[in-house]
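Here the structure is laid out as structure tokens; the discussion comes afterwards.
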Amino acid sequence: MLSWPEAIGAVADQIGFAGVVSVDRGGATEFVQAYGLADRAWQILHTVGTRFAIASGTKGLTALTVVSLINDGALRLSTTARSVLGTDLPLIGGDVTVEHLLAHRSGIGDYLDEEAGYDVTGYLLPVPPQDLATTGQYLAVLDGHPAKFPPGQRFCYCNSGYVVLALIAERVSGVAFHQLVAERVCGPAGMVGTGFLRSDELPAGTALGYLPLAGKARTNVFHLPVRGSGDGGIYSTAADISAFWRSLFTGKIVPARWVAEMVRPRSDVPAKSKRYGLGFWLAQHGETVILEGFDAGVSFRTVHDPRSAVTRTVISNSSDGAWPIARCLDEFLAG
């Protein structure tokens, strides 16, 4: 029978995996391995330190940025979006709160509605990607989407909600959202390789994202905003993700009482076999906390068990590459 590192290698070979797999235990790296190409045209290999986009994994950092402002007294969970947005985004109801947005229970319309389904290879943005470089510029894609249901009625994953949170954080702090995340999350966590990079000027050591198109090496540069915001688009490394989990559960980002509040389940999500707190997916049973991301040229999953201090992270620069490896890790290491 194969050991789990051998099984990971076998699956990686079988699917042509491109990315990094990391397992930490008690703050020490137990396994880390890079596979495949960061740049297919120039045949540049991934290293264990390659930076990748992590798509919706960003939402956990957004939530922590907002909660840090709450901890400082600049916001409350009960603060309404309308009290900060003023006349912007008039279709967001006056009773939608920061807590509703964090928990995906706001009911607001979504500029990328995952309930409706979409083709990850499609050109989905209603404006040119280069026009989405600052959080304020996202107002152009957030506006005009009617509410789907009254706030608090049910869970509905909402990308727009997390960009609205980024706008709220900017306006109450007077600091640009990208800088806020750097100061309030990445800095305290020691995430030195993490930040909101422009996809059209990626630095060395950063993976290009590739669409799942057979026989083609087409990047995602026209498929996603040129620079991400509250709902996705930050770049990070496997080592930084491990540092993130260690820092989160030792109170270095926000106090322990707020960490407990964020990982308290707000919704059961049977379709995903998971629960949701504030910014974090939660295992259906137990205390395991999860961040995931999926987009054009991006797949990411990191799982942390605070009881055993084991972290499993898979990051890929293809849309579906992470999932077979993540399932293999779950099979061998979960529980």
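The values are calculated or read from the model by the stated rules, or taken from the named source; none is laboratory data. Just so it is clear, the structure is predicted and the values come from calculations on it, not from any experiment. A quick note on method: Cβ atoms are made from the backbone with ideal geometry, for glycine too, and the neighbour counts reach across all protein chains shown. To get the accessible areas, we keep the full protein, side chains included, count just its heavy atoms, and leave off ligands, DNA and RNA. Shrake-Rupley method; radii C 1.70, N 1.55, O 1.52, S 1.80 Å.
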Pairs please, first residue from the stretch 164-177 and open to solvent by 10 Å² or more (accessible area, probe 1.4 Å), second anywhere and of a type in the set (S, T, N, Q), Cβ atoms under 7 Å, 6+ apart in sequence or on different chains. GLU170/THR135
Over the stretch 64-95, the set of residues of a type in the set (A, V, I, L, M, F, W, C) and either closer than 17 Å to VAL298 by Cα or surrounded by fewer than 24 Cβ atoms within 10 Å (Cβ to Cβ) (or both) is LEU69, ILE70, ALA74, LEU75, LEU77, VAL84, LEU85, LEU89, LEU91
Pull up the stretch 282-333, narrow it to residues that are among the aliphatic types (A, V, I, L, M) and free of Cβ contacts under 8 Å to residues at least 24 places away in the same chain, then point me to the one that is surrounded by the most Cβ atoms within 10 Å (Cβ to Cβ). LEU282
In the set ASP143, ASP131, ASP110, the lone residue that is of a type in the set (Asp, Glu) and open to solvent by less than 20 Å² (accessible area, probe 1.4 Å) is ASP110
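Restricting the stretch 279-335 to residues that are among the basic types (Lys, Arg) and outside any strand (DSSP E or B), which is modelled with the highest pLDDT? Before the answer, list the steps.
Taking the stretch 279-335 as the starting set, the residues that turn out to be among the basic types (Lys, Arg) are 301, 307, 312, 327.
Still in the list and also outside any strand (DSSP E or B): 307, 327.
Details: ARG307: 95, ARG327: 92.
Selected residue: ARG307.
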One residue from VAL163, VAL192, VAL181 being part of a loop (DSSP other than H, G, I, E, B) and in contact with a helix residue (DSSP H, G or I) (Cβ under 9 Å, 6 or more places away or on another chain): VAL192
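Can you name every one of the helices (runs of 4 or more DSSP H) wholly within the stretch 19-126 that holds 2 or more residues which are without any contact (Cβ under 8 Å) to a residue 40 or more places away in the chain and more than 19 Å from the chain's Cα centre (by Cα)?
Working: elements: 58-71, 81-85, 98-102.
In the stretch 19-126, the matching helices (runs of 4 or more DSSP H) lie at 81-85.
So that you can scan it fast, the table gives a plain yes or no per residue for (1) open to solvent by less than 20 Å² (accessible area, probe 1.4 Å); (2) among the acidic types (Asp, Glu); (3) out of contact with any Lys or Arg (no Cβ under 8 Å at 6 or more places or on another chain):
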residue	(1), (2), (3)
ALA204	no, no, yes
VAL221	no, no, yes
LEU224	no, no, yes
SER236	yes, no, no
ALA243	yes, no, yes
THR250	no, no, yes
PRO255	no, no, yes
SER273	no, no, yes
LEU278	yes, no, no
CYS158: passes all of (1) surrounded by 17 or more Cβ atoms within 10 Å (Cβ to Cβ); (2) on the phi > 0 side of the Ramachandran plot but (2)
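Listed here are the residues, each with its yes/no results for (1) within 17 Å of the chain's Cα centre (by Cα); (2) modelled with pLDDT of 95 or more; (3) within 25 Å of SER22 (Cβ to Cβ).
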residue: ALA217; (1), (2), (3): no, no, no
residue: ASP240; (1), (2), (3): yes, yes, yes
residue: GLU261; (1), (2), (3): no, yes, no
residue: ARG266; (1), (2), (3): no, yes, no
